[in-house]
Each structure stands twice: as C-alpha cells, then as structure tokens.
Amino acid sequence: MQSGRVAAVLAVPGTIALDFGILVYLLNAHPGYEVLVCGDRGSADAAALVDIRPTHSLAEADRADVVLVPSYEDPRLPLPEEYLEVLRRADERGARIVAACTAAFALAAAGVLDGRTATTHWRYTDRLRLEHPRVDVVENRLFVEDGPVLTSAGAGGLIDACLHVIRSDFGATAADEVAKEVVSLPRGATEPQYVDLPTPPRTSLRATREWVVDNLASPITVQRMADRSLLPRRTFIRHFERETGMSPMHWVVSQRVLSARRLLESSDWSVERIAGATGFGTAANFRATFRRAVGTTPTAYRKSHARLPEPSARTPRTERSRTAGRAFGKAG
C-alpha cells in the first residue's frame with residue numbers, strides 16, 4: 001500500500017462549492033492523505049456564493065502527489081496563468097490530476113489533455129471538443145482515466161472518481177469505508193451520466209446487480225440475471241448496458257475482481273480459496289483475469305496493500321472534519 005500522500009485541492013476562481021466540498025471531504029475521510037487547499041491567498045472571489053479560503057499557497061501544490069481541480073462557474077473564462085502553470089508542473093512530474101466537470105477546460109487550456117481521452121458534464125462535451133480539438137472527448141461517462149489524468153462529469157461522477165483514486169492508492173477496502181458515507185453502490189468509470197430513454201421502474205436492474213454482488217461464488221449467467229429481472233434475454237441485455245455502460249458478464253467480472261481485491265487486502269485466504277469465493281473457479285483463471293484487470297498478480301497486490309492501523313490509532317474523525325472545515329469561510 002502507498003504511504004501517506006499529499007493531495008492538493010486548488011481553490012480556483014469561481015469554484016463551485018459542491019464539487020470543492022466533495023473533493024475535500026472524501027480525501028480527508030481517509031487518513032492516508034494530507035489534504036491542502038491551495039490558491040491565491042491574497043485575493044478574494046467577490047462573485048462567489050461561498051467564500052473558500054486557501055489554507056496553503058499555490059506553490060505548496062508542487063509537492064502534491066494528487067492535484068484536484070473542482071469545477072468553476074464559467075468554462076469560457078480562462079483561469080489565471082498561475083493555476084495553469086501548477087497543472088503543467090504536476091503533469092511534468094507525473095502527479096495524478098483529477099478534474100471535476102468544467103475543470104476539464106482548465107486542463108485542456110494548460111495542454112495537459114493534448115492527445116488524451118477525457119470527459120466532462122454532458123452539457124459541455126460539444127464545447128470542449130470544439131474548443132480543444134486535440135482532446136479525444138468521450139460522451140456520457142462518469143469519469144475517464146488516461147494515464148495519471150482523470151476527468152469526471154458532475155458531482156455524482158466526481159464522487160466515483162474520488163473513490164477510484166482512493167481505491168488505486170490504498171485499496172478496495174479503504175475505498176469501501178469512505179464510500180459507505182456517501183453512496184450505496186459504487187459505480188465504475190464506464191457507467192453513463194444519463195440514459196437516453198428513461199427506464200421504467202419495473203425494469204430497474206439495481207436489485208439484480210445487488211443479487212449478483214451477494215452471490216459471486218455461484219454460477220452466474222446472462223440468462224439467470226435476465227430471469228431474476230423478469231425480462232427477456234435481449235431486453236435485459238439492452239437495459240443492463242444502458243444502466244451500467246458495459247455488458248452483463250463484463251460487469252460481473254469487474255465485481256468479482258473488486259471482491260477479490262477486498263479479500264486479498266483483508267484476509268489471509270489462499271489464492272485458491274479466493275478464486276472459489278469470488279466465482280473464478282480455478283486459481284489459474286483467477287490469476288490471469290486479475291492480472292488483466294489490475295495490472296499485477298494477486299500475490300503482489302496483497303503485498304502492496306496491507307491494511308492501515310486500526311481506527312483507534314488514527315486521528316479522530318471529528319478532529320479531521322474540523323480541519324477540513326477551516327477551508328470554508330462563511331456563506332456569502
């Protein structure tokens with residue numbers, strides 16, 4: 001597992017307080033991050049509805065492992081050059097960069113997205129594509145990861161992007177602990193921001209997906225999932241892909257890998273036992289699938305994701321929340 005990491009949230013002009021709060025709250029919820037709110041400490045944003053006061057200078061962002069940019073009010077207005085320079089330097093040193101919604105325009109203006117794939121809120125994808133033709137803009141995705149750069153949709157997608165960052169840095173169990181406070185079922189990057197056609201309530205597949213998560217060790221087929229959803233097979237596949245952005249069995253495999261990651265982090269079970277408990281069958285099949293999905297072997301993953309000390313040894317959550325709260329001034 002990664003040791004302590006520095007996360008710099010940029011207090012850009014016109015910051016949308018909701019996205020700023022999500023970034024600070026979620027990363028501050030994990031003790032592995034030192035969260036800095038970086039910005040121009042000598043200026044005030046008179047137009048902002050909420051006075052967000054940086055706790056650190058922009059220069060402090062240069063030591064961050066993760067640089068996060070909340071969305072801001074008008075993507076047509078460029079950010080001050082000093083903020084774009086922070087992003088360029090972060091890109092040059094290989095830091096992870098996370099952009100919420102309209103912040104994709106800041107990354108594009110800084111040249112960070114040149115030749116990369118990115119997304120933003122569906123209202124702005126056409127504008128991003130038009131104004132920055134060197135960016136490969138992807139439609140209707142919660143977030144997109146291209147190397148160390150993540151771009152996300154609106155606030156909901158930003159939550160999923162943050163949980164993905166925590167999972168990458170500290171493991172699936174750590175992300176689960178943070179996720180319990182904000183979402184019931186974490187979503188993957190390829191799930192859509194919206195559906196083109198409303199899905200009637202009777203065909204909502206959340207219950208089926210929750211059943212799959214609870215029964216990963218069992219043989220799961222598309223037909224079994226369709227039967228539980230009370231839908232014909234083809235109709236089920238169409239609705240499932242619309243809701244999740246991926247095929248049913250692709251999604252099942254992703255959930256099996258996620259469950260295996262949790263067991264590797266939190267148990268001393270053998271690879272063979274984990275393979276059986278998560279529905280991979282044989283250890284060989286588990287190893288091959290896990291390596292394709294995660295980029296490393298189960299054994300190597302376990303070695304690098306040892307659990308953190310028990311909560312009693314950590315900074316009390318209430319005190320951490322007070323620290324994060326100091327970044328906010330009073331409402332305007």
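The values are calculated or read from the model by the stated rules, or taken from the named source; none is laboratory data. Model, not experiment: these values are computed from the prediction. We place every Cβ from the backbone using ideal geometry, glycine too, and count neighbours over all the protein chains shown.
Points worth noting:
- Here Asn28 meets the list (1) free of Cβ contacts under 8 Å to residues at least 40 places away in the same chain; (2) touching a helix residue (DSSP H, G or I) at 6+ places or on another chain (Cβ under 9 Å) almost entirely, failing just condition (1).
- Residue among Ala99, Ala108, Ala104 that alone is in a strand (DSSP E or B) and surrounded by 23 or more Cβ atoms within 10 Å (Cβ to Cβ): Ala99
- Segment 220-241 - residue that is crowded, with 17+ Cβ neighbours inside 10 Å and within 25 Å of the chain's Cα centre (by Cα) and, of those, nearest to Glu210 (Cα to Cα): Phe240
- Residue in segment 41-50 that is β-branched (Val, Ile, Thr), in the same structural domain as Ser168 (by TED's automatic domain parsing) and surrounded by fewer than 24 Cβ atoms within 10 Å (Cβ to Cβ) present: yes
- Some residue of segment 256-269 being surrounded by fewer than 20 Cβ atoms within 10 Å (Cβ to Cβ), under 19 Å from Ala207 (Cα atoms) and under 21 Å from the mean Cα position of the chain (by Cα): yes
- Test: residue in segment 127-136 that is under 19 Å from the mean Cα position of the chain (by Cα) and either within 15 Å of Leu68 (Cα to Cα) or surrounded by fewer than 19 Cβ atoms within 10 Å (Cβ to Cβ) (or both): no
- Among residues of segment 69-82 being modelled with pLDDT under 95 and of a type in the set (A, V, I, L, M, F, W, C), the one that is nearest to Gly4 (Cα to Cα) is Leu79.
- Test: residue in segment 178-191 that is modelled with pLDDT under 90, outside any loop (DSSP other than H, G, I, E, B), within 20 Å of the chain's Cα centre (by Cα) and of a type outside the set (S, T, N, Q): yes
- Single unsatisfied condition, Val66 versus (1) surrounded by fewer than 16 Cβ atoms within 10 Å (Cβ to Cβ); (2) modelled with pLDDT of 90 or more; (3) on the phi < 0 side of the Ramachandran plot; (4) not charged (D, E, K, R): (1)
- Complete set of residues in segment 214-257 that are touching a residue at least 40 places away in the same chain (Cβ under 8 Å) and either over 22 Å from Ala283 (Cβ atoms) or not in a helix (DSSP H, G or I) (or both): Leu216, Ala217, Ser218, Pro219, Ile220, His239, Arg242, Glu243, Thr244, Gly245, Met246, Trp251
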